1. I'd like the orientation of helix 46-56 relative to the chain: the angle between its Cα long axis and the longest Cα principal axis, in ° from 0 to 90, rounded to 10.
2. Got a sec? What order do Cys284, Cys193 fall in by accessible area at 1.4 Å, biggest, i.e. largest, first?
3. Divide by every residue of the chain the summed helix terms, -39500 (n - 2.57) for each DSSP H run of at least 4, and state the resulting mean residue ellipticity at 222 nm, rounded to the nearest 500 deg cm²/dmol.
4. Using only Cα atoms, find the angle between the long axis of helix 280-302 and the longest principal axis of the chain, and express it within 0 to 90 degrees, rounded to the nearest 10.
5. Rounded to the nearest 10 Å², what accessible area does Phe27 have for a 1.4 Å probe in the complete protein model?
6. Under a 1.4 angstrom probe, counting protein chains only, how are Lys347, Lys245 ranked by accessible area, largest first?
7. On a 0 to 90 degree scale, rounded to 10, what angle separates helix 307-319 from the longest Cα axis of the chain?
8. I'd like the accessible area for Val152, computed on protein heavy atoms only with a 1.4 Å probe and all protein chains in place. Round to 10 Å², please.
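The values are calculated or read from the model by the stated rules, or taken from the named source; none is laboratory data. Keep in mind that what you see is a predicted model, and the values were worked out from it rather than measured. In this analysis, Cβ positions are derived from the backbone assuming ideal geometry, glycine residues included, and neighbour counts consider all displayed protein chains. These accessible areas exclude ligands, DNA and RNA; they are computed on the full protein's heavy atoms, side chains included. Shrake-Rupley method; radii C 1.70, N 1.55, O 1.52, S 1.80 Å.
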Amino acid sequence: MAFNFFANPHLHFGPGHINRLPELITFHGNTLLLITGARSLQKSDHWPRVMNALKKKSIRVYQAIVETEPSPSIIDEIVVKYRDQNIDVIAAIGGGSVMDAGKAVSAMMKKKESIIEYLEGVGNRSHDGKKIPFIAVPTTSGTGSEATKNAVISQLGKNGFKKSLRHDNFVPDIAIVDPELTLDCPPDITAACGMDALTQLLESLVSTNSSPMTDSLALGALEILGDALITATTKHPHDMGTRTKISYASYISGLTLANAGLGVVHGFASVIGSVFNIPHGVICGTLLSEVTRHNIESLISLDPNGPAIKKYARASRLLSPSPVSKNHEESSRHLIKILAQWTDQLKMPGLGSYGVTLEDIDTIIGSTGQKNNPIRLSAKQLSKILQDRL
Ligand SMILES: [Fe+2]
């Protein structure tokens, strides 16, 4: 057994933990660049409380707003604007895009070049990991960016890309995961982000690069998550206990994806998300059940008692509200049923509603990486998955 593991040096998890932000900032200094999204946070009750608390601690606040998935020009503009302001610490409060933007800005503040030169598969420079201290505070439960070492940077369009700025040092220095911040998250965003977290847990669990450490984290998070996504979206959206379960699963999914890797769903998401304007969680959420179906059926045909099937079977028992067979083959097939049912219940939209057509399928599958998927799916299988989720 041999593996590496990277995680946040400091995690503050639980309802009300946002109140610790000012104190945590002062460990690094008193000049803050605060990065937020455009809307919901400023309208919430949390905003005046956070701003007043920062004022009380005499923290000087510069603020940047990131409204879309971060592009190279968005990051470059923020860096150029604030590079000479002696920023001591950067905090990002928002969804995955806002946290990725904060992570990227903190990494680029000590560099003179455009971020493009450091992006994997795009630029030619490798980053030395020097950055400004960074605090990540998620307001949605999904990407797990608060726990990962990469920032996803997107350029939309025909020659678009979705690439990472990555370094082990880019794991946020502090993550504040406060489920209270997610209480008002609308059902469609809760569903899409939650399905992204579920995808990340399942893909890292069966990843070819998983370790006993990532396995135990992923299995523990799946057990806590259970059917909380259904409860939060269809029954009790303001239940703190349910939101706490989803926040935990989301945070752990970031840890496991960063340390074990991901599979075909995220392979698809990085290609589709760079050409079409579809939220990442929607792509993952809509494809998860069909990709899992093909993974499980292909793995069973090779060996119905293989290691990945045993893991899928365990996940099935942890997620199912009712008892599941002890037989690995039956139990893993039951997981396909659960995921298909949740895809319907959570009303995950098909890719066609965002403009993806049959004609796009060959181009998409031509560029889709299979990453750390437990089995290699054929082009025919990849095509069938997309056709079934148009
Ligand atoms: Fe994801």
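1. Helix 46-56 sits at roughly 30 degrees to that axis.
2. Values: Cys284 0, Cys193 30 Å².
Order by accessible area, largest first: Cys193, Cys284.
3. Calculated from helices alone, the mean residue ellipticity at 222 nm is -15000 deg cm²/dmol.
4. 40
5. 140
6. Values: Lys347 165, Lys245 95 Å².
Ranked from most to least accessible, the order is Lys347, Lys245.
7. 70
8. 50
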